[in-house]
Amino acid sequence: MVQYAVTLKDGDWTVFSDGQPIERGLSRSAAVQMAKDMAFEAEERGDEVELLIQGYYGDLSRRLTGGPET
């Protein structure tokens, strides 16, 4: 399983991949789009994906998708 997350860290929206920051200083919408694009690519490879996205007020949404087709 791969995990992508978008959170507000030190005043900047940051995209994480498996817990490691990969892009900082983005607008929230750009960070969310980047994470969704990476999640889509991972799903296309057949990976299970956990996508976590922080909202403007600290709420967190979680989505699990992908995995091998049976």
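The values are calculated or read from the model by the stated rules, or taken from the named source; none is laboratory data. Fair warning: this is a prediction, and the values are worked out from it, not measured in the lab. A quick note on method: Cβ atoms are made from the backbone with ideal geometry, for glycine too, and the neighbour counts reach across all protein chains shown. All accessible areas refer to the heavy atoms of the entire protein, side chains included, with ligands and DNA or RNA removed. Shrake-Rupley method; radii C 1.70, N 1.55, O 1.52, S 1.80 Å.
The set of residues in the range 1-16 being under 16 Å from Leu64 (Cα atoms) and open to solvent by 70 Å² or more (accessible area, probe 1.4 Å) consists of Met1 alone. Remark: pairs (first residue in the range 23-51, without any contact (Cβ under 8 Å) to a residue 24 or more places away in the chain and over 15 Å from Asp12 (Cα atoms); second residue open to solvent by 60 Å² or more (accessible area, probe 1.4 Å) and not basic (Lys, Arg); Cβ separation under 7 Å; 6+ apart in sequence or on different chains) = Gly46/Pro68. For the range 17-64, a residue qualifies if it is of a type outside the set (S, T, N, Q), under 10 Å from Val6 (Cα atoms), open to solvent by less than 40 Å² (accessible area, probe 1.4 Å) and in a strand (DSSP E or B), and the qualifying residues are Leu51, Leu52, Ile53.
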